[in-house]
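Structure first, commentary second.
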Amino acid sequence: MLEEKDLQAIGVLLSKQLKEQSEQFDEKIAEVLNAVNEGFSEVHEELTIRPTKDEMFSWADRRITDLEIGKERHDYLHIDELDKLPAPQEINRVLIERGFKQKLA
């Protein structure tokens, strides 16, 4: 049968082992947290160099406005000829046949 001093010695050994395991666990947790933090830092850096939604939409709005103005200028210059144009389907077919446009699937 175990004596009290044997039980105390076992208790001390278990306490030491638990303390060592706890320290190792804490180290592993710190490593994981550092890795996660580094990952988020990289993602944050990537996001800061990308354009914002407002920047994208303002760029697209400028392009669309330029295209609309260009179309209106074209229509104005050729206003007398627009009525003489064939149907849009015919224009599309001819552009595809001549290789200016690809046929959509």
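The values are calculated or read from the model by the stated rules, or taken from the named source; none is laboratory data. Since we're looking at a predicted model, the values are computed, not measured. Note that each Cβ is placed from the backbone with ideal geometry, even for glycine, and that neighbours are counted across all protein chains shown.
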Review point. Looking only at residues in the stretch 64-105 that are exposed (fewer than 10 other Cβ atoms within 10 Å of the Cβ) and charged (D, E, K, R), which one is modelled with the highest pLDDT?
Key: Arg98
Review point. What number of residues within the stretch 62-105 are of a type outside the set (Lys, Arg) and assigned to a helix (DSSP H, G or I)?
Key: 23
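Can you confirm whether the stretch 35-48 contains a residue that is within 30 Å of Lys101 (Cβ to Cβ) and either loosely packed, with under 10 Cβ neighbours inside 10 Å or among the polar types (S, T, N, Q) (or both)?
Let us first name the residues in the stretch 35-48 that are within 30 Å of Lys101 (Cβ to Cβ), namely none.
Looking for residues that are within 30 Å of Lys101 (Cβ to Cβ) and either loosely packed, with under 10 Cβ neighbours inside 10 Å or among the polar types (S, T, N, Q) (or both), one finds none in the stretch 35-48, hence no.
I'd like to know if the stretch 50-61 contains one or more residues that are among the β-branched types (Val, Ile, Thr) and assigned to a helix (DSSP H, G or I). Before the answer, list the steps.
Residues of the stretch 50-61 among the β-branched types (Val, Ile, Thr): 52.
From what is left, the residues that are assigned to a helix (DSSP H, G or I) are none.
Checked against the condition, which is being among the β-branched types (Val, Ile, Thr) and assigned to a helix (DSSP H, G or I), the stretch 50-61 yields no hits at all.
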